[in-house]
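The values are calculated or read from the model by the stated rules, or taken from the named source; none is laboratory data. Here the structure is a predicted model, which is why all the values come from computation and not from measurement. Every residue, glycine among them, receives a Cβ derived from its backbone with ideal geometry; neighbour counts consider all protein chains shown.
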Amino acid sequence: MAVLNLSVNGKKQQVDVDPATPMLWVLRDHLNLVGTKFGCGIAQCGACTIHLDGNAIRSCQMPVSAVGDKAITTIEGLSEEGDHPVQKAWLEHDVPQCGYCQAGQIMTASALLASNPNPSDDEIEAAMNGNICRCGTYLRIKAAVKTAAA
Ligand code: FES
């Protein structure tokens, strides 16, 4: 076990954990931030996507010891009132079906738009390609990303 200092959603946090613990489980089990979801655990589905210094990463394969002083943002910290442009576009397009993958989808989309505010269709598809949705909401996801970019 080790005591580690983290910056999560703009707040300093201290956790006492096995340094090999994936960030996903530190968020969910130690910090009670359960918006980030477990899907596959092997970096293949995108359900666990968070931002590390603004970049979308898979938290299921990121040991907490590798985070250091980088800023972690989860779906809970993306906006104060759930009013990030991507979240508003998601509501406008009624994107979710079961909803399980959607926090990861939104975190990937918001990282894309932060680095590329006006992505092409191909760039949206390339960025969102690794986020799996078993309900098949892909067309609405793409439309919502375009709305958020507009
Ligand atoms: Fe991390 Fe699937 S749970 S990518």
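Quick look at the values:
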quantity: Matching residues, segment 9-59, being within 16 Å of the ligand (Cβ to nearest atom) and farther than 26 Å from Arg134 by Cα; calculated: Ala20, Thr21
quantity: Of residues in segment 10-35 being among the polar types (S, T, N, Q) and out of contact with any strand residue (DSSP E or B) (no Cβ under 6 Å at 6 or more places or on another chain), the one surrounded by the most Cβ atoms within 10 Å (Cβ to Cβ); calculated: Thr21
quantity: Check on Ile106, β-branched (Val, Ile, Thr), within 19 Å of Tyr138 (Cβ to Cβ) and at pLDDT 95 or above; calculated: yes
quantity: Unmet requirement for Lys88, which otherwise passes all of (1) over 13 Å from the mean Cα position of the chain (by Cα); (2) in contact (Cβ under 8 Å) with a residue 40 or more places away in the chain; (3) under 25 Å from Leu6 (Cβ atoms); calculated: (3)
quantity: Test: residue in segment 129-138 that is more than 16 Å from the chain's Cα centre (by Cα), on the phi > 0 side of the Ramachandran plot and without any contact (Cβ under 8 Å) to a residue 40 or more places away in the chain; calculated: yes
quantity: Selected residue (only one of Ile50, Ile106, Ile57, Ile75 is crowded, with 17+ Cβ neighbours inside 10 Å, more than 16 Å from Ser7 (Cα to Cα) and either under 12 Å from the mean Cα position of the chain (by Cα) or not assigned by TED's automatic domain parsing to the domain that holds Ser7 (or both)); calculated: Ile106
quantity: Pick from segment 60-69, criterion surrounded by 16 or more Cβ atoms within 10 Å (Cβ to Cβ) and away from the ligand (no atom under 14 Å from the Cβ), ranking: farthest from Leu113 (Cα to Cα); calculated: Val64
quantity: Unmet criterion (only one of (1) assigned to a helix (DSSP H, G or I); (2) within 16 Å of the ligand (Cβ to nearest atom); (3) within 23 Å of Ala143 (Cα to Cα)) for Leu112; calculated: (2)
quantity: Flag if Trp25 is within 15 Å of Met107 (Cα to Cα), modelled with pLDDT of 95 or more and among the aromatic types (Phe, Trp, Tyr); calculated: no
